[in-house]
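Chemist: Attaching a single structure in structure tokens format; questions to follow.
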């Protein structure tokens, strides 16, 4: 952050404005009064690009109704530093990257697990019917004479299911959205260490790294995302990937969401409720069983 951000503390109005400096770097947030003070001190031009939540894009200061006094608009001069800046069409460089927190990633995985579960059943049910198995076998009700057949079906089908899931994640994360359905819903995406879009094969093997880390570290490698500096799990470190807000590494980084978004809160709330209900149901079954033996 450079010296022009010293005006960011202002009690008169909320610090909600961002601006682009002469090097096309995002600065802020500042209050409206602080922006006016910057122009009055000849530190910013009336042509400086500014943005706040609710605006569709960056706009010059002079075009924002009521932001600058009329007299200041007429008397304002362009600071030499602004005149010597980069080309007007140069990309805006933002150093403000919001990394996806642990709970946003959990919510995204809950949604993706549901999607993958549906995909698994779409494949398993026809295979089982072709093999002559009843659908009750999926719930654990396997006739003794069908146990071998059921085991063979799983042995042949599950490698296919995991491969299809890896294809799904590799394809979704290498698309422009850079995110699976779960991550899209929670407003996050997967990128390389420098914010670049990852390739299909990188996303493909990242899925298997995720499964490997989750299984062989008993989930510890995944929980690492809650404590590491850039919110990376062990599989992210292996694959050189980051999980960030969907607006990170874009022309509008100020639109990034810090903390939990609404979708994440709803998903986590429903998930927690289901866990509690499952626990209570199990306790009820155990109590009924104990009462029946008394």
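The values are calculated or read from the model by the stated rules, or taken from the named source; none is laboratory data. Computed from a predicted model, the values in this text were never measured in an experiment. Cβ atoms come from the backbone with ideal geometry, glycine included; neighbour counts cover every protein chain shown.
Chemist: Look at the stretch 146-168 and say how many of its residues are at pLDDT below 85, exposed (fewer than 12 other Cβ atoms within 10 Å of the Cβ) and closer than 30 Å to residue 204 by Cα. Don't jump to the end; show me each part of the working.
Modeler: The initial filter retains those residues of the stretch 146-168 that are at pLDDT below 85, namely 146-158.
Next, from what is left, pick out any that are exposed (fewer than 12 other Cβ atoms within 10 Å of the Cβ): 147-148, 151-152, 155-156.
Restricting the remaining residues to those that are closer than 30 Å to residue 204 by Cα gives 151-152, 155-156.
Of the residues in that region, 4 qualify.
Chemist: Counting only residues that are surrounded by fewer than 16 Cβ atoms within 10 Å (Cβ to Cβ) and within 16 Å of residue 184 (Cβ to Cβ), how many does the stretch 261-290 have?
Modeler: Going through the stretch 261-290 one residue at a time, the tally reaches 2.
Chemist: Please pick out the residue among 176, 143, 91 that is under 24 Å from the mean Cα position of the chain (by Cα) and modelled with pLDDT under 70.
Modeler: Numbers: 176 fails: modelled with pLDDT under 70; 143 fails: under 24 Å from the mean Cα position of the chain (by Cα).
Only one candidate passes the filter, namely 91.
Chemist: Does the stretch 155-191 hold any residues that are outside any helix (DSSP H, G or I) and out of contact with any strand residue (DSSP E or B) (no Cβ under 6 Å at 6 or more places or on another chain), and which are they? Lay out the reasoning, then the answer.
Modeler: Initial filter on the stretch 155-191 (outside any helix (DSSP H, G or I)): 175-180, 186-191.
Scanning the stretch 155-191 gives 175, 176, 177, 180, 186, 187, 189.
Chemist: Determine whether the stretch 259-266 contains at least one residue that is more than 27 Å from residue 96 (Cα to Cα), part of a helix (DSSP H, G or I) and touching a helix residue (DSSP H, G or I) at 6+ places or on another chain (Cβ under 6 Å). Before the answer, list the steps.
Modeler: Filtering the stretch 259-266 for residues more than 27 Å from residue 96 (Cα to Cα) gives none.
So far as the stretch 259-266 goes, no, none of its residues is more than 27 Å from residue 96 (Cα to Cα), part of a helix (DSSP H, G or I) and touching a helix residue (DSSP H, G or I) at 6+ places or on another chain (Cβ under 6 Å).
Chemist: Pairs please, first residue from the stretch 190-202 and under 12 Å from residue 170 (Cβ atoms), second anywhere and part of a strand (DSSP E or B), Cβ atoms under 6 Å, 6+ apart in sequence or on different chains.
Modeler: 190/241; 190/243; 198/192
Chemist: Would you check which residues across the stretch 212-235 are out of contact with any helix residue (DSSP H, G or I) (no Cβ under 6 Å at 6 or more places or on another chain), surrounded by 14 or more Cβ atoms within 10 Å (Cβ to Cβ) and in a helix (DSSP H, G or I) and list them?
Modeler: 212, 223
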